[in-house]
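See below for the structure under consideration.
The values are calculated or read from the model by the stated rules, or taken from the named source; none is laboratory data. No experiment lies behind these values; they were computed from the predicted model shown. For neighbour counting, all protein chains shown are included, and Cβ atoms are generated from backbone atoms with ideal geometry for every residue, glycine included.
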Amino acid sequence: MTQKDRRTCIRAVLVLLWIGLGVLLFVLYRGHTLLVDNRNTQEGLRAPDLITVSVDGGKGLEFFRGDRDRFAVVGTRHRISIEFSDGTPPVEQEFRLPIRDDMYILSVPKMLNDLPFVEVFHTTPEPRSPEEDELPVEEVPIP
């Protein structure tokens, strides 16, 4: 192998290492926005009255029933801790967030009832039919 071939081979390996390092850092340090929701979402699921929620051991936030707040999280593996004000033992749960989406919503009532509790949060409203956009027109007689 000539010196020129060795240099080309070394350069190719270095380029592949840089690309691999970039992919690894992207996967490990991908940021997400996590909305924690303490609302009654389904029939039969009741949100707790007052809880303190912390994600990944960070600062805890107080949630009343019907509250929603956001947490900035990094990575794919996370741990949520919920402490109740009524003396119920605290709950801790581990969950994973896929890399592909930016914003997820976590439902506390679903989590407490062992239902799938993390889903993608869509910021754009779902398309509606033109009939739904039309407002009813009331005819008012002109005096």
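Listing for the model above:
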item: Selection count where residues are more than 17 Å from the chain's Cα centre (by Cα), surrounded by 15 or more Cβ atoms within 10 Å (Cβ to Cβ) and either part of a strand (DSSP E or B) or modelled with pLDDT of 95 or more (or both), scope region 64-90; result: 2
item: Search result, residues across region 49-77 that are in contact (Cβ under 8 Å) with a residue 40 or more places away in the chain and closer than 15 Å to Glu92 by Cβ; result: Ile51, Val53
item: Residue count, region 30-42 (criterion: surrounded by 10 or more Cβ atoms within 10 Å (Cβ to Cβ) and either of a type in the set (Asp, Glu) or under 11 Å from Val74 (Cα atoms) (or both)); result: 5
item: Cβ-Cβ under 9 Å pairs, at least 6 apart or on other chains, region 13-29 side under 20 Å from Arg77 (Cα atoms), far side surrounded by 10 or more Cβ atoms within 10 Å (Cβ to Cβ) and modelled with pLDDT of 90 or more; result: Leu28/Val74; Tyr29/Val74
item: Hits in region 79-92 - residues which are within 21 Å of Gly66 (Cα to Cα) and in contact with a strand residue (DSSP E or B) (Cβ under 7 Å, 6 or more places away or on another chain); result: Ile80, Ser81, Ile82, Glu83, Phe84, Ser85, Pro90, Val91, Glu92
